[in-house]
Amino acid sequence: GSLLGGTLYTGPQPQQVFTSYGKIFLGLARLEEIKIDSESRPDTTVRFVEDGIEFFIDTTGAIDVTKEKARIEKELQSVEPYVVSLENKLAGDFVKHAPEAVVAVEKEKLAVTKEKVKKLREQLSQLQ
């Protein structure tokens, strides 16, 4: 297949990873280049989040907006119920009976998942 015309823009968090493994990532993602710079990304970028790191791909002419919206909506349909289940778990007796470390892990999962939902919603609104 051909390379996407897009560019991956990202903030400083994964800079070490891209410095070490950038060529491998470019090949796997089929992108032309990676820029470690989230400040100058164009308006035509699509954002996604993985493990708390934001990535932006300039998709000018590279994606089907209808399919991308459907993909994001599908992901939201699977992630949002998980947020509700974590909130219910943390609002119930679980917190009283579980070890503090286990509760802390669940709270962190909730925070990360809520952030993912927020970013997905923002991404969806950018495609409107």
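The values are calculated or read from the model by the stated rules, or taken from the named source; none is laboratory data. A quick note: this is a predicted structure, and the numbers were derived from the prediction, not measured. All Cβ positions, glycine included, derive from the backbone under ideal geometry; neighbour counts span all protein chains shown. Calculation scope for accessible area: heavy atoms of the full protein, side chains included, ligands and nucleic acids excluded. Shrake-Rupley method; radii C 1.70, N 1.55, O 1.52, S 1.80 Å.
Within the stretch 80-128, the set of residues being open to solvent by 60 Å² or more (accessible area, probe 1.4 Å), within 19 Å of THR45 (Cβ to Cβ) and of a type in the set (S, T, N, Q) comprises SER125, GLN126, GLN128. Condition first: under 30 Å from LYS67 (Cα atoms) and among the charged types (D, E, K, R). Now tell me which residues in the stretch 82-128 satisfy that. Passing the criteria: LYS109, LYS114, GLU115, LYS116, LYS118, LYS119, ARG121, GLU122. All conditions in (1) at pLDDT 70 or above; (2) charged (D, E, K, R); (3) surrounded by 14 or more Cβ atoms within 10 Å (Cβ to Cβ) hold for ASP58, with the sole exception of (1).
Looking only at residues in the stretch 87-128 that are outside any helix (DSSP H, G or I) and in contact with a helix residue (DSSP H, G or I) (Cβ under 9 Å, 6 or more places away or on another chain), the one that is modelled with the highest pLDDT is ALA98.
How many residues are in contact with a Ser or Thr (Cβ under 9 Å, 6 or more places away or on another chain) and aliphatic (A, V, I, L, M) if we restrict to the stretch 83-126?
Here the count works out to 2.
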